[in-house]
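*Asks:* So that we are looking at the same thing, I have put the structure below in structure tokens.
Where a number appears in this text, it was derived from the coordinates with a stated rule and is not lab data. Note that the structure is a prediction, hence the values are computed from the model and not measured. Ideal geometry is used to build each Cβ from the backbone, glycine not excepted, and the neighbour counts take in all protein chains shown.
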Amino acid sequence: MDKISIIVPCYNEEQALPGFYRAVSKAAAEIDGAECEFIFVDDGSRDHTPDILDSLACADSRCRYISFSRNFGKEAAMYAGLQNSCGDYCVFMDADLQHPPELLKEMYRVVSTEGYDCCAGLREDRTGENQFRSFLSRAFYKVIRKLCKLDMGDGKGDFRMMNRAMADSILELKEYNRYMKGIFSFVGFETKWIPFHNVERAAGTTKWSVRSLFRYAMDGILSFSSAPATLAGTTGALLILAAIVIGVCTLLAGKGLTGIALLICLILLLNGVQMFFISIVGQYASKDYMESKKRPIYIVKKKRGF
Ligand code: UDP
Ligand code: MG
């Protein structure tokens, strides 16, 4: 019999957890050929989340939990959950029932019989979500897809069931600033996407403010791309070009390069050269930054004959 580890990051989820446990237990009972364990990670909650997890662990031997000393963020909670899981398959689920438990059965069928390493939920819409936040999120995914050349689309979230090989490869990435959507994409493996509709949070409130989402977005871009450093170089090159064009045009107009035109050319040229060299320094720094993550150079999916 296979074992599925259900990993649940929880931050101040006292209102949502009882309903989550009931709904997911029911869905887990319907999965043929596999038993489930719950790994809750209390991410430094300041409400009664730890007490609820304690009573779940007392009442049900399938429930285990880890409590952080303070709030470390969802990415850290997911890493800790994965590290402490021993299932043949692992699935990440939010505690607020925004990840439909009824998909677990289909996800397990896909990863255990269809040859996929991972089966992930693809959220098709953002119904019920704050319009401003939806707009910002969509814009962010457009930018990050262009900059990072990794498959990170809108709606491609953390709700996914993966096999042990993929889970272990994620654990091999030990970087501190963990941007999970990027990491999922970086490690590769075959993923099947199954669509689902967005539902509003079952209880409690979202833990993300626009400020924390912006920080998260910047983390994502900086963790997987050196494009911001390149941007300085491009801007510098454009400034140098503008200086040359203004200089040449003024000379062609036959007025000689004196006074205000000379001043503008010099300012643009010096700033351009400066930005260009800052960008080169940035490129070196970004290479060093990427090296310091000590990411694996390759990830093996299967070995035979060794
Ligand atoms: N979460 C966490 N640590 C945090 C923020 C969130 O463990 O610092 C958990 C939260 O308890 C929930 C999941 O991450 O289980 C998703 O959070 P939320 O529902 O607030 O995000 P949203 O669905 O609004 O993007
Ligand atoms: Mg949510």
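*Asks:* Per residue, how much space in cubic angstrom lies within the convex hull of the C-alpha atoms of the stretch 1-95?
*Replies:* Normalising the Cα hull of the stretch 1-95 by residue number yields 81 Å³.
*Asks:* Filter the cross-link list LYS3/LYS294; LYS174/LYS294; LYS74/LYS207; LYS3/LYS207; LYS174/LYS287; LYS3/LYS74 down to pairs whose alpha-carbon distance in this structure exceeds 19 Å.
*Replies:* LYS3/LYS294; LYS3/LYS207; LYS3/LYS74
*Asks:* Now for a separate question. For the stretch 213-294, what's the relative contact order in percent, using C-alpha pairs closer than 8 Å and at least 6 residues apart?
*Replies:* 42
*Asks:* At a Förster distance of 41 Å, what's the computed FRET efficiency of ALA242 paired with ASN130, Cβ-Cβ distance as r, to 0.05?
*Replies:* 0.50
*Asks:* Quick one: compute the contact order of the stretch 19-80, relative version, from alpha carbon pairs under 8 angstrom and 6+ residues apart, as a percent.
*Replies:* This gives 37 percent for the stretch 19-80.
*Asks:* What FRET efficiency would be calculated for the residue pair LYS105, ASP47, taking the C-beta separation as r and a Förster radius of 45 Å, to the nearest 0.05?
*Replies:* It comes out at approximately 0.90.
*Asks:* Give me the Å³ per residue figure for the convex hull around the C-alpha atoms of the stretch 125-189.
*Replies:* 102
*Asks:* Tell me the relative contact order for the chain as a rounded percent, counting alpha carbon contacts under 8 Å between residues six or more apart.
*Replies:* 18
*Asks:* Round to the nearest 0.05 the FRET efficiency obtained for LYS3 and ARG295 when R0 = 30 Å and r is the Cβ-Cβ distance.
*Replies:* Plugging the Cβ-Cβ distance into 1/(1 + (r/R0)^6) gives 0.60.
*Asks:* Just LEU213, LEU56, LEU268 to compare: in a GNM of the chain, with alpha carbon springs under 10 Å, which one fluctuates most?
*Replies:* LEU268
*Asks:* How tilted is helix 49-59 with respect to the longest principal axis of the chain? Cα atoms for both, answer in degrees (0 to 90, nearest 10).
*Replies:* 30
*Asks:* Here's another thing I want to ask about it. Relative to the longest principal axis of the C-alpha atoms of the chain, give the angle of the C-alpha long axis of helix 74-83, reported between 0 and 90° and rounded to the nearest 10°.
*Replies:* 50
*Asks:* Right, here's the next one. State whether the stretch 92-219 is rounded, prolate or oblate according to the following rule on the C-alpha gyration tensor (a ≥ b ≥ c being the square roots of its eigenvalues): a/c under 1.5 gives rounded; otherwise a/b larger than b/c gives prolate, and the remaining case gives oblate.
*Replies:* Since a/c reaches 1.5 but b/c is at least a/b, the shape of the stretch 92-219 is classed as oblate.
*Asks:* Local charge sum around ASP47 (other residues, Cβ-Cβ under 11 Å, Lys/Arg +1, Asp/Glu -1)?
*Replies:* With Lys, Arg at +1 and Asp, Glu at -1, the net is -3.
*Asks:* Over the alpha carbons of the stretch 159-291, what is the largest minus smallest coordinate on each principal axis, giving the biggest first in Å?
*Replies:* 71, 35, 25
*Asks:* Once a ≥ b ≥ c are taken as the square roots of the eigenvalues of the Cα gyration tensor of the stretch 198-246, is the result rounded (a/c under 1.5), prolate (a/b larger than b/c) or oblate (a/b not larger than b/c)?
*Replies:* prolate
*Asks:* In nm, give the distance between the simple-model label positions of ARG138 and ILE278, each being 7 Å from the Cα along the Cα-to-Cβ direction.
*Replies:* 3.3
*Asks:* Here is a further query. State the dimensionless ratio Rg/Rh of the chain (Rg: radius of gyration of Cα atoms; Rh: Kirkwood radius).
*Replies:* Here the Rg-to-Rh quotient is 1.12.
*Asks:* Helix-derived [θ] at 222 nm for the chain: sum -39500 (n - 2.57) over DSSP H runs of at least 4, divide by residue count, nearest 500?
*Replies:* Mean residue ellipticity, 222 nm, calculated: -16500 deg cm²/dmol.
*Asks:* Rank the residues ILE246, ILE267 as a footprinting-exposure proxy: fewest other Cβ atoms within 10 Å of their Cβ go first.
*Replies:* The order, fewest Cβ neighbours first, is ILE267, ILE246.
*Asks:* Let me ask something additional. Percent of Cα-Cα pairs more than 26 Å apart in the stretch 14-153, please.
*Replies:* Result: 34 percent of Cα pairs exceed 26 Å.
*Asks:* Explain nothing, just compute: Karplus ³J(HN,Hα) = 6.51 cos²θ - 1.76 cosθ + 1.60, θ = phi - 60°, for every residue of the stretch 134-146 in order, whole Hz, x for Gly and Pro.
*Replies:* Taking θ as phi minus 60°, the curve returns 4, 4, 4, 4, 4, 4, 4, 5, 5, 5, 5, 5, 5 Hz for the stretch 134-146.
*Asks:* May I pose another question? For a label point 7 angstrom out from the Cα of GLU172 toward its Cβ, which stretches of the stretch 275-298 have the backbone nitrogen within less than 16 Å?
*Replies:* 293-298, by backbone N distance to the label point.
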